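Report on the following structure.
The values are calculated or read from the model by the stated rules, or taken from the named source; none is laboratory data. Worth saying up front: this structure is predicted, and the values here are computed from it rather than measured. Cβ placement follows ideal geometry from the backbone for every residue including glycine, while neighbour counts extend to all protein chains displayed.
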Amino acid sequence: MEQVVIIGSGCAGWTAAIYTARANLSPLLITGQQPGGLLTTTSSVENFPGFSNGIEGTALMLEMQEQATRFGTRIEYLSKVDSVDFLSSPFKLSVEGKVIEAKSVIVSVGAGHRHLGVGGEHELENKGVTYCATCDGALPIFRNKPLVVVGGGDSACEEASYLTRFASQVYLIHRRDTLRASKIMAERTLANPKITMVWDSVVEEVLDVTQDKVTGVRLKNIETGETSTLDCAGVFVAIGHTPNTQIFKSQLEINDAGYITLGEGSRTSIPGVFAAGDCADSVYRQAITASGMGCSAAIDAERYLASLQ
C-alpha cells in the first residue's frame, strides 16, 4: 500500500512530490497523458523565480521531475487515473486497468483552457495564440504590436489591461454589446485608451497558418453577419478554464465551476485527500502559486499520515 499517491504532473504535483519524497514517504506520482500539464504548452516562462533569463515550460517541468526523482519519487509515466474510490479506506485508484491502494492522495490534475474551436487556433498555438497574458504577454514577439483578447469577463479585462503594458494597441473581442466583468473592472477597461472594444463579434479564424505565425483574425459580427479582418500579432483567448475534475465529482465536494472545494489549507471534503494547483484555484492560476499549493498539500499529507500512527 502506498503512503501517498500524487495525481498530476504539473507544478503542484512535482512540488508535492519533492516535499513528500524528502519526508521519506516514497510518493508515487501518476503523470497523466500530458506530463507537465499546461505549462508544457508555454514556450517561455519568465516569471518563475530562480530563472533570470526565463526557461521553457517543458524544461521547467523536467527540472522539477529530476529533482523529485532524486529524492525517491516513483513515477507511473503516461498513466491515467480512470476512477477513484475515496469513500472507503484505504483509498483505491484505478490506473490503466490496475488498482492502487493509498493511505493519502494529493489531487493536482490541473485545468484546461477553454478553446475557441476555430480554424488556425490549434495550428498557431505557441506561435501567437496563447491562453495566458501573464505568462506570455511580455515576450518579444508581442511587444509594440497590435494584440487581440477574446472574452468579456473579469479575466479577459485583466488580460487586456495587462497587455497594454507591451502592445501598441489591444482589441477586446466580445460577442455581446456589454461586458460581463464586474462594474469596476469594466469601467477601468473601457476607460483605457489603449483598449479598443469590438462588440457583438466572434473570431471565425486565426490567420495565417501558412506563415507559421499569427498575422490577424477573421471576425464575424453576429448582429449584421458581416465579416472583417483585423491585423494582429497575437490572440489571447480568455474565455475561461475547465478543471480536470470530472472523475472526482461523485467523491469530493466540487463547486459549480468544477473546482475542488478546499477547507483548511489543502484539505478536501474527504480526510486524507488533498488538492493543489489549478484544479482547486480559480483565482491566480500561476505556476508559482501552484507550486506553493503543492508544498502545502505535501505538508498536510505528511501531518495526516503522522496522525494515523
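ILE247 meets each of the listed conditions (1) over 30 Å from VAL84 (Cα atoms); (2) out of contact with any helix residue (DSSP H, G or I) (no Cβ under 9 Å at 6 or more places or on another chain) apart from (1).
Taking interchain pairs and intrachain pairs at least six residues apart, which have beta carbon atoms under 7 angstrom, with the first residue in the range 1-22 and charged (D, E, K, R) and the second part of a loop (DSSP other than H, G, I, E, B) and surrounded by fewer than 23 Cβ atoms within 10 Å (Cβ to Cβ)? The qualifying pairs are ARG22/PHE71. Taking the criterion of being among the polar types (S, T, N, Q) and in a helix (DSSP H, G or I), the residues of the range 29-58 that qualify are THR40, THR41, THR58. Close Cβ contacts (under 6 Å, 6 or more residues apart or on different chains) running from residues in the range 284-302 that are within 22 Å of ALA133 (Cα to Cα) to residues that are assigned to a helix (DSSP H, G or I) and polar (S, T, N, Q) comprise SER291/THR15.
Picking from residues in the range 78-120 that are among the acidic types (Asp, Glu) and within 19 Å of ILE270 (Cβ to Cβ), the one that is surrounded by the most Cβ atoms within 10 Å (Cβ to Cβ) is ASP85. Only one of these is more than 25 Å from TYR304 (Cα to Cα) and in contact with a helix residue (DSSP H, G or I) (Cβ under 8 Å, 6 or more places away or on another chain): GLY97, GLY120. Name it. On inspection, the qualifying residue turns out to be GLY120. Can you report the number of residues in the range 114-137 which are small (Gly, Ala, Ser), assigned to a loop (DSSP other than H, G, I, E, B) and either touching a Leu at 6+ places or on another chain (Cβ under 8 Å) or without any contact (Cβ under 8 Å) to a residue 12 or more places away in the chain (or both)? Qualifying residue count, the range 114-137: 3.
Across the range 267-279, which residue is nearest to SER291 (Cα to Cα) among those that are assigned to a loop (DSSP other than H, G, I, E, B) and touching a residue at least 60 places away in the same chain (Cβ under 8 Å)? Only one residue fits best here, namely ALA276.
The condition of being at pLDDT 95 or above and at positive phi holds for only one of GLY13, GLY37, GLY32, GLY72, that being GLY72. Just wondering, is there one or more residues in the range 138-150 that are assigned to a loop (DSSP other than H, G, I, E, B) and either crowded, with 24+ Cβ neighbours inside 10 Å or in contact with a helix residue (DSSP H, G or I) (Cβ under 6 Å, 6 or more places away or on another chain) (or both)? No; the residues of the range 138-150 include none that is assigned to a loop (DSSP other than H, G, I, E, B) and either crowded, with 24+ Cβ neighbours inside 10 Å or in contact with a helix residue (DSSP H, G or I) (Cβ under 6 Å, 6 or more places away or on another chain) (or both). From the list GLY265, GLY225, which residue is surrounded by fewer than 18 Cβ atoms within 10 Å (Cβ to Cβ), among the small types (Gly, Ala, Ser) and under 30 Å from ASP300 (Cβ atoms)? Within the list GLY265, GLY225, the selection yields GLY265.
Going residue by residue through the range 201-212, is there one that turns out to be free of Cβ contacts under 8 Å to residues at least 40 places away in the same chain, buried (at least 19 other Cβ atoms within 10 Å of the Cβ) and either within 30 Å of LEU87 (Cβ to Cβ) or not assigned by TED's automatic domain parsing to the domain that holds SER269 (or both)? Among the residues of the range 201-212, at least one is free of Cβ contacts under 8 Å to residues at least 40 places away in the same chain, buried (at least 19 other Cβ atoms within 10 Å of the Cβ) and either within 30 Å of LEU87 (Cβ to Cβ) or not assigned by TED's automatic domain parsing to the domain that holds SER269 (or both), which makes the answer yes.
Residues of the range 154-169 include at least one that is farther than 21 Å from GLN286 by Cα, over 23 Å from the mean Cα position of the chain (by Cα), surrounded by 18 or more Cβ atoms within 10 Å (Cβ to Cβ) and not hydroxyl-bearing (Ser, Thr, Tyr). Close Cβ contacts (under 6 Å, 6 or more residues apart or on different chains) running from residues in the range 237-262 that are under 30 Å from LYS127 (Cβ atoms) to residues that are among the acidic types (Asp, Glu) and crowded, with 21+ Cβ neighbours inside 10 Å comprise ALA238/GLU159. I'm trying to understand the selection: among the residues of the range 79-120, which are in contact with a Pro (Cβ under 7 Å, 6 or more places away or on another chain) and at pLDDT below 95? Listed by number, the list holds a single entry, ALA111. Residue count for the range 59-109, restricted to those that are under 15 Å from SER26 (Cα atoms) and part of a loop (DSSP other than H, G, I, E, B): 3.
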